[in-house]
1. Checking the structure you have, find out if any residue of the stretch 252-261 is out of contact with any His (no Cβ under 9 Å at 6 or more places or on another chain) and surrounded by 21 or more Cβ atoms within 10 Å (Cβ to Cβ).
2. Which residue pairs have Cβ atoms closer than 7 Å, lie 6 or more positions apart in sequence or on different chains, and pair a first residue in the stretch 94-122 that is touching a residue at least 24 places away in the same chain (Cβ under 8 Å) with a second residue that is part of a loop (DSSP other than H, G, I, E, B) and among the charged types (D, E, K, R)?
3. Among the residues of the stretch 280-304, write down those that are buried (at least 17 other Cβ atoms within 10 Å of the Cβ) and either on the phi > 0 side of the Ramachandran plot or basic (Lys, Arg) (or both).
4. Just need a number here: residues in the stretch 165-194 that are part of a loop (DSSP other than H, G, I, E, B) and modelled with pLDDT of 80 or more.
5. List, please: which pairs have Cβ atoms under 6 Å, are six or more places apart or on different chains, and start with a residue in the stretch 320-337 that is in contact (Cβ under 8 Å) with a residue 12 or more places away in the chain and crowded, with 20+ Cβ neighbours inside 10 Å and end with one that is among the aromatic types (Phe, Trp, Tyr) and outside any strand (DSSP E or B)?
6. Pull up the stretch 320-367, narrow it to residues that are charged (D, E, K, R) and under 21 Å from Asp246 (Cα atoms), then point me to the one that is modelled with the lowest pLDDT.
Amino acid sequence: MTVKPFSIVLAAIVALGVLGCGPKQNTARSIEDVAAEQSTAMPEGGGPATTQPGTEAPGGPPVSAPGAGVPGAAPNGTNTAAPPAGANEPTPPPKVDGTGSADLKFAFHAKDTYTYKSSASVTSEGKGQGGKAQKSTYGTSQSLILKVLSVKDGVAEIQSTTKDLKVTGDANDPQAQMVKGIMAGSGELVSKAVYNARGIPQGSNPDLEDSVRSMVNGVGSALGVLGINYPATSVKPGDTWTATFDMGKLMSGRMPPGISATVSNGQIPTKYTLVSLDPAKGVAVIKVSMKGQPTMTVKLPAQKNSEGKEVQVPPMVVKLSVSSSGTATIDLKTGMPIEITTESTSETSGTKVMDGKQVSKSTTKRA
């Protein structure tokens with residue numbers, strides 16, 4: 001059996017546990033298409049509904065942190081086309097009123113550029129191939145550059161460039177070396193996605209040429225900009241809003257030829273809570289939490305046995321348990337994150353080569 005199928009599974013685990021959560025849209029749409037349908041595609045205000053303190057948010061109680069801490073936007077190619085006519089109209093900044101409430105949003109301006117540095121430390125314990133107990137410790141770091149290409153009717157097209165990716169770990173650590181091979185194999189990854197002023201993804205392109213790495217680097221894009229989105233109405237400290245991470249969409253279209261993956265129980269709720277507002281310092285703090293137990297079934301192509309005959313490989317059923325929690329410090333002038341911290345725990349069973357528990361801590365800071 002080839003290593004590639006296990007690399008796919010490990011990539012999903014890394015995406016969920018190390019860098020956070022969040023799928024990508026699989027439909028490419030232009031900024032004009034998105035702007036034309038804003039009045040009907042979103043609830044009033046363009047973002048999720050809010051929940052007042054003391055009430056339960058739709059989708060269930062809070063769980064643990066997601067794509068906060070996930071650098072990356074939806075993958076595929078560099079946008080070299082000129083902005084559409086009527087574009088480059090800046091969106092207004094967030095507003096804080098005298099009652100202590102804030103109308104949170106992204107103030108997109110064409111040609112604005114934001115640079116981030118992210119790092120993560122990961123420790124995993126479990127059973128490897130043959131049931132042998134193993135422990136792995138490694139670290140990752142990378143740079144992310146977000147550039148606003150154009151803005152029209154509050155909808156922005158953003159290009160993301162991920163580079164300087166490094167994985168550190170013991171040369172004799174098989175899992176650390178596998179992660180290094182998955183994530184560090186193809187240099188810069190340039191991608192683009194479209195978001196409205198609330199950070200709600202409006203469309204993106206799948207990157208089928210680099211399926212594993214695009215999965216890891218772009219997992220936050222369908223939850224929002226760097227995994228952050230804002231509600232449709234003003235909020236005050238204690239208010240919450242929700243989004244849903246669909247792991248099935250994360251895997252869709254990203255399998256190598258001959259390999260397919262289906263996900264059950266993959267709808268994972270993500271909860272955002274406004275923790276504090278400080279207009280004097282121009283910052284807000286948001287807690288992001290997520291928890292889920294998806295099951296992934298990976299169907300593999302036939303393999304040749306020792307006699308050279310093709311034999312069917314049984315499907316691999318992988319059970320995941322993911323829990324994460326983090327905070328994001330937000331710049332009230334732009335709506336962009338200043339710093340995101342995330343702590344995640346994931347447990348895996350069914351792979352036969354990487355079953356066990358993984359704990360990670362990650363930080364993303366604006367440079």
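The values are calculated or read from the model by the stated rules, or taken from the named source; none is laboratory data. Keep in mind the model is a prediction, meaning the values are calculated, not measured. Cβ: placed from backbone, ideal geometry, glycine included. Neighbour counts: every protein chain shown.
1. The answer is yes; a qualifying residue exists.
2. Pro94/Lys105; Gly100/Lys236; Ser101/Lys236; Lys105/Arg198; Ala107/Lys333
3. Selection gives Lys287, Lys291.
4. The total comes to 5.
5. Cβ pairs passing all conditions: Gly335/Phe106.
6. Glu347
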